[in-house]
Amino acid sequence: MMSIKKALFGGIACGCILAASAVPSLAHHSFAMFDGSQVKVFTGVVTRINPDANHLQIFFAPLDDARRAVIRDDNDEPQIWAVEMNGAAQAAQDGISVNGFAPGTIFSIGLHPLRNGQPGGDRGESALYKCPANTPPDAGEHCWDVEGSTVHGDGEIPHEGELQEEYVPE
Amino acid sequence: MDYYSFFAAIENSAIGAFVRETLNVLPIVNVFHVLGIALVFGTIFMVDMRLIGLQSVTRPVSRVANDLLKWTWVGFALAAVTGLLMFAANATTFYVNLQFQLKMVALAFAGLNMVVFELVTARNMAIWDGERRTPPSARFAGFASITLWVLVIILGRWIGYTKGFNFSAPPAGDLDLDNLFGAISLVQTAVG
């Protein structure tokens, strides 16, 4: 009969192997909360990162058309939006991390907005474009127009508006 | 330094970054956290059932406790270390998460229940150690322990389903949204 000690350590070893071999899942929940037929494009300033293990979120204050100040709501408070993507470990491989996108970082992104009207969305097929430090784009432009900007994550330059084909993640 | 800055510093620490940004570290830490909790609850449940009088009633309480509680502490150490690592990875979010706060409260009460049992109820254990039916205070301690640990597990698992977009969390750092680009915005104002 196998000793209890052997069984215990065998079980722990199996658990480790299973955990290590688990393919990091891109999505563990439905994307139905996001409107995959719409893209909203923003250039904004990072206010906070939530480096969640399952879905990293970047909270940001969108810049106005002049790209010199943040957009404010009716109460004169800065609007805050959030964009969600894959988990913190995978995002970090693309340089998307707490340190890589510190508060004050200027970046551009396209997102599929939440259907419930909250100011958040999913990154979908858009890459992240980071402006050089303290260098906002010119009026009406985005970080991908700025010399020295960097691209983070697989994806493309987003375009505002309706998509011809709804974005459905794999 | 306010509390939020304190937890932001933990999140920004090298250990926090390592746990969340290295592929597969968090799932492995999570596995050991679950193993630790399983060990804590599995062993303490048997001791509590003896206290309540539903299990191992022919064996003295002290013997059941001595056999099992050392493994409870092994499990607790494992759960605590792995729990701290997971906390460090995303400290600012856990700090403002209601379910996490409630879990810590339940954990504190479980600890308090144990301390009261050890210091008060167990003082005269020699008298009832071998009895099938333990005193009401011992039965209460067993029942409270099971209830509180079940609560800890429920709340712990619940955390994973509560982390949507939290717009009420404050911005990190000393970002001044009124004066983002310093000189640039001053020039704009002057020109305008």
Problem - Residue selected from segment A:8-45 under the condition open to solvent by less than 60 Å² (accessible area, probe 1.4 Å), within 14 Å of chain B (Cβ to nearest Cβ) and modelled with pLDDT of 70 or more, by the criterion nearest to A:Phe101 (Cα to Cα) - result: A:Val45
Exercise for the section: Determine if segment A:46-55 includes at least one residue that is farther than 16 Å from B:Ala89 by Cα, facing chain B (nearest Cβ under 7 Å), crowded, with 18+ Cβ neighbours inside 10 Å and not aromatic (Phe, Trp, Tyr). Expected result: yes
Handout entry: A:Arg68 being surrounded by fewer than 20 Cβ atoms within 10 Å (Cβ to Cβ), touching a residue at least 60 places away in the same chain (Cβ under 8 Å) and within 30 Å of B:Ala9 (Cα to Cα)
Key = yes
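Name every residue in segment B:86-95 that is open to solvent by less than 50 Å² (accessible area, probe 1.4 Å) and touching a helix residue (DSSP H, G or I) at 6+ places or on another chain (Cβ under 8 Å), in order of residue number.
Once the filter is applied, which keeps residues that are open to solvent by less than 50 Å² (accessible area, probe 1.4 Å) and touching a helix residue (DSSP H, G or I) at 6+ places or on another chain (Cβ under 8 Å), segment B:86-95 yields B:Met86, B:Phe87, B:Ala88, B:Ala89, B:Asn90, B:Ala91, B:Thr92, B:Phe94.
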Fill in the blank from the handout: Taking segment B:43-70 and keeping only residues that are part of a helix (DSSP H, G or I), of a type in the set (S, T, N, Q) and open to solvent by 40 Å² or more (accessible area, probe 1.4 Å), one is left with B:Asn66
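Out of A:Gly104, A:Gly124, I need the residue that is on the phi > 0 side of the Ramachandran plot, touching a residue at least 12 places away in the same chain (Cβ under 8 Å), more than 11 Å from every other protein chain (Cβ to nearest Cβ) and open to solvent by 10 Å² or more (accessible area, probe 1.4 Å). Which one? It would help to see each step written out before you state the result.
Numbers: A:Gly104 fails: more than 11 Å from every other protein chain (Cβ to nearest Cβ).
From the options A:Gly104, A:Gly124, the qualifying one is A:Gly124.
With B:Val25, B:Val40 as the choices, which residue is closer than 19 Å to A:Ala53 by Cα and touching a helix residue (DSSP H, G or I) at 6+ places or on another chain (Cβ under 9 Å)?
On the way: B:Val40 fails: closer than 19 Å to A:Ala53 by Cα.
Just a single option satisfies the conditions, and that option is B:Val25.
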Exercise for the section: Under 6 Å between Cβ atoms, at least 6 apart or on separate chains: pull out the pairs that start in segment A:132-152 with a residue that is free of Cβ contacts under 8 Å to residues at least 40 places away in the same chain and end on any residue that is small (Gly, Ala, Ser) and surrounded by 13 or more Cβ atoms within 10 Å (Cβ to Cβ). Expected result: A:Val151/A:Ala127
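Here's the yes/no breakdown for (1) without any contact (Cβ under 8 Å) to a residue 40 or more places away in the chain; (2) within 11 Å of chain A (Cβ to nearest Cβ):
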| site | (1), (2) |
| --- | --- |
| B:Phe87 | no, no |
| B:Ala110 | no, no |
| B:Met114 | yes, no |
| B:Phe117 | yes, no |
| B:Ser145 | no, no |
| B:Ala172 | no, yes |
Fill in the blank from the handout: Residues of segment A:127-159 being surrounded by fewer than 16 Cβ atoms within 10 Å (Cβ to Cβ) and more than 17 Å from the chain's Cα centre (by Cα), in sequence order, are A:Pro132, A:Ala133, A:Asn134, A:Thr135, A:Asp138, A:Ala139, A:Gly140, A:Glu141, A:Asp145, A:Glu147, A:Gly148
Fill in the blank from the handout: Within segment B:18-35, the residues that are out of contact with any Ser or Thr (no Cβ under 6 Å at 6 or more places or on another chain) and in contact (Cβ under 8 Å) with a residue 40 or more places away in the chain are B:Val19, B:Arg20, B:Leu26, B:Asn30, B:Leu35
Fill in the blank from the handout: If we keep only residues of segment A:86-98 that are open to solvent by 10 Å² or more (accessible area, probe 1.4 Å) and more than 7 Å from chain B (Cβ to nearest Cβ), then the residue farthest from B:Ala17 (Cα to Cα) is A:Asn86
Practice task
Inspect all residues belonging to segment B:19-31 and state whether any of them is on the phi > 0 side of the Ramachandran plot and away from every other protein chain (no Cβ under 11 Å).
Solution key: no
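The values are calculated or read from the model by the stated rules, or taken from the named source; none is laboratory data. None of these values were measured; they are calculated from a predicted model. A quick note on method: Cβ atoms are made from the backbone with ideal geometry, for glycine too, and the neighbour counts reach across all protein chains shown. Surface accessibility is based on the protein's heavy atoms, side chains included, excluding ligands, DNA and RNA. Shrake-Rupley method; radii C 1.70, N 1.55, O 1.52, S 1.80 Å.
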